[in-house]
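The values are calculated or read from the model by the stated rules, or taken from the named source; none is laboratory data. Bear in mind the structure is a predicted one, so any value in this text is a computation, not a measurement. All Cβ positions, even for glycine, are placed from backbone atoms using ideal geometry, and neighbour counts span all protein chains on display. Side chains are part of the model used for accessible areas, which takes the heavy atoms of the whole protein and leaves out ligands, DNA and RNA. Shrake-Rupley method; radii C 1.70, N 1.55, O 1.52, S 1.80 Å.
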Amino acid sequence: MSRLPDARADLGLREGYHSAQVDAEVRLNTNESPFPPPAEWREALAAAVGDIAWERYPDRAVGALRAAIADQHGVRPDQVFAANGSNEVLQSLCLAYGGAGRTALTFEPTYALHAHIAHLTGTTVASERRGRDFGLDPGAVADAVRRHDPVLTFLCSPNNPTGTVDDPAVLDAALAAASGLVVVDEAYGQFAERSALARVDDDTPLVVVRTFSKTWSLAALRLGYAIAPAPVVQLLERVALPYHLDACKQVAGRLAVAHEAAMQERVAALVAERARLLAGLAALPVTVWPSQANFVLFRPEGRDGREVWKGLLHRSVLVRDTSSWPGLEGCLRVTVGTPAEDDRFLAALAEVLA
């Protein structure tokens, strides 16, 4: 008989959030950038690593990196919280503000980690449904916030996995109704036509979350951050583990911010390629939703989404299978890749659907 203790009673043994990791020649399933970071960044990082005092703990305050991010966004360093990917930012928010007897509100379908992390921290999760076009109605959002009285209201713009961007009135409505924090996840914010960043100040209960994984081409780095009121940042620092950002990661992020022009060039190229990918999908028997992210959601017409996913994989093209997710029945999500990768995907999809 095992003497191992039982799992926490409220854990529910939920599955984690994972995409398939299988061999494929074209990988368009995890919204990574198809372009590497600049060679100049690699060279600068290689030189800087040689100067790290590896025998010493890193800067606990993450001062240089926070200053660089703050300068980029025109905020103060004490309004920046940096963490191991945007997921640790979300976890820190749930640790600082969630817990037993408190509620987090999501609007589904959306990024699964909002509800998953809240659940892991013992926070009650209330979920409301998006409209048929996956948009949000400001009045419905305000009503949901008032009914559930969440300590954390999660918005996602552009929304993952639908690619939709919230109307500014949605944020206005959430902030007006909320007694807690409104968290806008902008992991794909640089791909979109608008952002909530300009709304952040020390008197507004608004947190904007971003990541270096997508637009900065640094998914392997696992670095994210929040722009938030200084008192919120202070609480996030209290729940973070000591020295939670290693010295190499701090240097890498600081050096990356110095190459913002190169990042914007990559974003512009992907936005243009996104338009070409959308046009290619429009010529096939699929339903396509407009996107302002670096991915596109589509539903094959009259075909089982899972079988289409398998057909693509058989042709060594890997996309994200969202066909079994609530509200996304039959849907698949494809990351915008290089022109060659997208051509390969479109050709494979045409074959599967023929």
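Once backbone amide H atoms are built at 1.01 Å from N, Asn31 has Thr335 as its partners under 5 Å, excluding neighbours fewer than 5 places away on the same chain.
Measuring nothing but how far apart in sequence close Cα pairs (under 8 Å, 6+ apart) lie, relative to its length, the stretch 285-342 scores a relative contact order of 32 percent. Build a GNM of the chain with springs between Cα atoms under 10 Å: which of Ala269, Ala226, Ala256 gets the top mean-square fluctuation? Its mean-square fluctuation being the largest, the pick is Ala269.
Taking 0.36 nm per residue of separation and subtracting the current Cα-Cα distance, fully stretching the chain between Arg56 and Glu260 would add 70.5 nm. The Ser316 and Ala269 beta-carbon pair, evaluated with R₀ = 25 Å, returns a calculated FRET efficiency of approximately 0.55. Annotation: extensible slack from Asp143 through Ala20 equals 40.6 nm (criterion: 0.36 nm per residue apart, minus Cα-Cα distance). Put the Cα centre of the stretch 263-304 next to the Cα centre of the stretch 177-221 and the gap is 23 Å.
FRET efficiency for the Asp172 to Ala67 pair, using the beta carbon distance and R₀ = 30 Å, is estimated at 0.45. With a 1.4 Å probe rolled over the protein heavy atoms of all chains, the accessible area of Tyr97, Tyr188 falls in the order Tyr97, Tyr188, largest first. Within the assembled protein chains, the solvent-accessible surface assigned to Asp166 is about 20 Å², based on a 1.4 Å probe. Solvent-accessible area of Lys310, all protein chains in place: 90 Å² (probe radius 1.4 Å, heavy atoms, ligands and nucleic acids excluded).
Couplings 3J(HN,Hα) for the stretch 314-328, derived from phi with the Karplus relation 6.51 cos²θ - 1.76 cosθ + 1.60 (θ = phi - 60°), are 4, 9, 6, 10, 10, 10, 8, 8, 10, 5, 9, 6, x, x, 10 Hz, where x marks Gly and Pro. The modelled label-to-label distance between Ala48 and Arg3, using points 7 Å beyond Cα along the C-beta direction, is 4.9 nm. Placing R0 at 22 angstrom, the Cβ-Cβ distance between Asp10 and Trp325 gives a FRET efficiency of 0.40 after rounding to 0.05.
Helical runs (DSSP H, four residues minimum) scored at -39500 (n - 2.57) apiece and divided by the length of the chain put the mean residue ellipticity at 222 nm at -12000 deg cm²/dmol. When you work out D = kT/(6 pi eta Rh) for the chain at 20 °C and 1.002 mPa s, using the Kirkwood radius from C-alpha pairs as Rh and the Stokes-Einstein form, the result is 101 µm²/s. Counting only DSSP beta bridges whose two residues both lie in the chain, roughly 45 percent are antiparallel. A viscosity of 1.567 mPa s and a temperature of 4 °C, combined with the Kirkwood radius over C-alpha pairs in the Stokes-Einstein formula, give the stretch 50-259 a diffusion coefficient of 75 µm²/s.
Using a cutoff of 8 angstrom between alpha carbon atoms and counting only pairs six or more residues apart, the relative contact order for the chain works out to 22 percent. Computed over the stretch 252-296, the Cα gyration tensor eigenvalues convert (square root of 5λ each) into semi-axes of 30, 10, 6 Å, ordered from largest to smallest. Using a 1.4 Å probe, how large is the accessible area of Trp41, given in Å² and rounded to the nearest 10? Counting only protein heavy atoms, Trp41 exposes about 20 Å² to solvent.
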